[in-house]
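K.L.:
Before we start, here is the structure in question, set down as structure tokens.
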Amino acid sequence: MLTKPTASRSSRWLDAVWLIVLAVYILAGVRLVPFHGDESTLLYMSRDFYTQFVDGDFAALDYRAWFLLDPEAASQQQLRLLNGTVTKSLYGLVAHLSGYEIDDINNQWVWGADWDWNRDNGHMPTDDLLLRARLVSALMLVGSVLVLYAIAYQIGGRLTAVLASAYYALNPAILINGRRAMMEGSLLLFSLLVVWAGLLVLRDRRPWQYGLLGLVSGLALASKHTAAVTLVAIFGGIALIDLWQLWPEFRPAHLIRRWGALLAAGLLALAVFLALNPAWWSDPLGRINTVLDERVRLLTGQIAAFGGYSDATDQLAGFLRQTLIVTPMYSEVDFFLAYIPDQIATYEASPWRGVSLGGSLPGAAIMVGLMLFGSAALWRQRSKSAALIGFWAVPTLLFVWLATPLEWQRYYLIAYPVLGLLAAFGLAHLLHSLMPRVMQRRGAARS
């Protein structure tokens with residue numbers, strides 16, 4: 001009677017040990033990861049925490065026409081519209097609890113000036129403040145590993161979960177960007193929580209699960225606007241799965257009830273997003289157009305300054321390089337690399353730099369084969385969970401491929417959990433299918 005529960009407890013301990021090892025690996029490299037100028041800018045944005053919660057001046061963060069503002073206020077306003085608010089608020093909270101005053105927070109990085117000028121004029125954070133903010137981001141990255149493990153476990157069992165989490169936690173691009181004091185740690189955590197909450201909704205249909213889906217969706221969108229792709233995929237996927245399930249008997253009352261709960265989750269997500277974005281409060285609908293205009297202007301400027309993809313073939317080649325080869329990109333612009341060669345060399349020489357499991361053309365080919373095998377095995381499952389993973393995977397990969405205008409590695413981050421999960425599912429199925437044959441051959445040889 002005690003054997004089965006003991007085995008179960010022992011398996012859970014093994015899960016915990018594995019996840020602790022991955023967490024330690026991520027956190028061990030936080031101090032060593034090379035600096036990025038955007039870390040200064042995100043910490044500069046954390047001043048909004050003091051304005052909101054220390055001074056209680058929410059009105060100061062509201063949107064105003066640019067010509068009513070001085071240049072610095074206009075720059076702050078643009079940053080509020082273009083960037084997520086979750087990480088900057090957490091960085092501000094940690095700084096405040098650590099005894100920093102608002103005037104102790106550095107100014108934003110000036111890309112038109114060099115390293116020495118930024119350092120000497122207060123545009124670089126202190127080592128202590130930078131490390132504290134990085135730990136916040138890295139802990140959210142650790143959280144995203146736990147969530148991916150849970151998703152993979154539900155889809156394919158323990159082996160799939162171990163393989164997917166290994167690919168994800170060792171991915172150099174994820175480690176570099178998730179360890180830095182930027183928005184990527186929170187983007188990955190809350191985007192994966194949206195997927196996990198969606199799977200819970202499909203499994204049990206409990207009201208609290210719809211509430212959880214709405215809450216984490218709002219936090220994901222407030223982390224970085226790119227999360228909108230995940231939200232559309234998961235909410236749309238659940239709605240289509242509901243329709244597919246209820247269509248044969250066509251029970252409109254059940255469909256209305258489910259879609260009503262999904263709509264309530266969507267409204268909660270919007271409420272959470274708006275609550276975390278005071279710059280939107282005065283005119284939420286109008287702010288959508290403003291943000292879209294600012295986003296187009298930013299991307300157009302980046303393409304003009306740094307060069308974008310020349311055609312669809314070039315765009316596909318960039319997608320394949322960044323999703324399969326994953327050579328670490330320490331800066332999106334070459335001139336910044338000249339400031340951090342020693343940091344890069346130290347990080348590269350450490351065991352904490354990660355491992356690209358594609359890494360080469362043969363490795364990339366193996367990854368593609370495993371992902372195709374995993375996709376086919378997922379299709380054969382014909383389950384609600386498998387269907388939702390498909391609804392998440394396809395739009396995510398298409399968006400990253402077709403909507404990314406230039407080859408900046410962090411723009412591809414949301415694709416890595418998808419690729420890791422599919423490849424892990426494929427390898428796990430391949431191993432499970434080969435194991436009986438190996439055992440059968442061993443038995444035949446012994447006889």
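K.L.:
Go through the stretch 376-392 and count every residue that is buried (at least 18 other Cβ atoms within 10 Å of the Cβ) and either over 19 Å from TRP244 (Cα atoms) or touching a His at 6+ places or on another chain (Cβ under 6 Å) (or both).
P.N.:
Residues meeting the conditions: 1.
K.L.:
A further question on this structure: Examine the stretch 362-371 for a residue that is under 30 Å from GLY37 (Cα atoms), free of Cβ contacts under 8 Å to residues at least 60 places away in the same chain and more than 25 Å from the chain's Cα centre (by Cα), and state whether such a residue exists.
P.N.:
No, the stretch 362-371 contains no residue that is under 30 Å from GLY37 (Cα atoms), free of Cβ contacts under 8 Å to residues at least 60 places away in the same chain and more than 25 Å from the chain's Cα centre (by Cα).
K.L.:
What are the residues in the stretch 102-119 that are assigned to a helix (DSSP H, G or I) and either in contact (Cβ under 8 Å) with a residue 40 or more places away in the chain or surrounded by 18 or more Cβ atoms within 10 Å (Cβ to Cβ) (or both), if any?
P.N.:
Of everything in the stretch 102-119, those that are assigned to a helix (DSSP H, G or I) and either in contact (Cβ under 8 Å) with a residue 40 or more places away in the chain or surrounded by 18 or more Cβ atoms within 10 Å (Cβ to Cβ) (or both) turn out to be ILE102, TRP115, ASN118.
K.L.:
For residues in the stretch 67-118 being modelled with pLDDT under 95 and acidic (Asp, Glu), which is nearest to GLU184 (Cα to Cα)?
P.N.:
GLU72
K.L.:
Any idea which of GLY92, GLY99, GLY122 is in a helix (DSSP H, G or I) and either in contact with a Gly (Cβ under 9 Å, 6 or more places away or on another chain) or without any contact (Cβ under 8 Å) to a residue 60 or more places away in the chain (or both)?
P.N.:
After applying the criteria, what remains is GLY92.
K.L.:
Then there is this: Taking the stretch 230-243 on its own, how many of its residues are surrounded by fewer than 19 Cβ atoms within 10 Å (Cβ to Cβ) and touching a residue at least 40 places away in the same chain (Cβ under 8 Å)?
P.N.:
Number of matching residues: 3.
K.L.:
I've got another one for you. From the list ALA271, ALA345, ALA365, pick out the single residue that is within 21 Å of VAL30 (Cα to Cα) and loosely packed, with under 14 Cβ neighbours inside 10 Å.
P.N.:
ALA345
K.L.:
Give me the residue from the stretch 44-89 that is of a type outside the set (Ser, Thr, Tyr), touching a helix residue (DSSP H, G or I) at 6+ places or on another chain (Cβ under 8 Å) and not in a helix (DSSP H, G or I) and, out of that set, nearest to MET140 (Cα to Cα).
P.N.:
Per the stated criteria, the residue is GLY84.
K.L.:
Assigned to a helix (DSSP H, G or I), free of Cβ contacts under 8 Å to residues at least 60 places away in the same chain, under 25 Å from ARG321 (Cα atoms) and not polar (S, T, N, Q), is that true of LEU141?
P.N.:
no
So that you can scan it fast, the table gives a plain yes or no per residue for (1) among the hydroxyl-bearing types (Ser, Thr, Tyr); (2) over 30 Å from SER433 (Cα atoms):
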position: TYR309; (1), (2): yes, yes
position: ALA312; (1), (2): no, yes
position: VAL326; (1), (2): no, no
position: GLN343; (1), (2): no, yes
position: ALA349; (1), (2): no, yes
position: ARG353; (1), (2): no, yes
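The values are calculated or read from the model by the stated rules, or taken from the named source; none is laboratory data. Since the model is a prediction, treat every value here as computed from it, not as a measurement. Don't worry about glycine lacking a Cβ; one is built from the backbone with ideal geometry, like all the others, and counts go over all protein chains shown.
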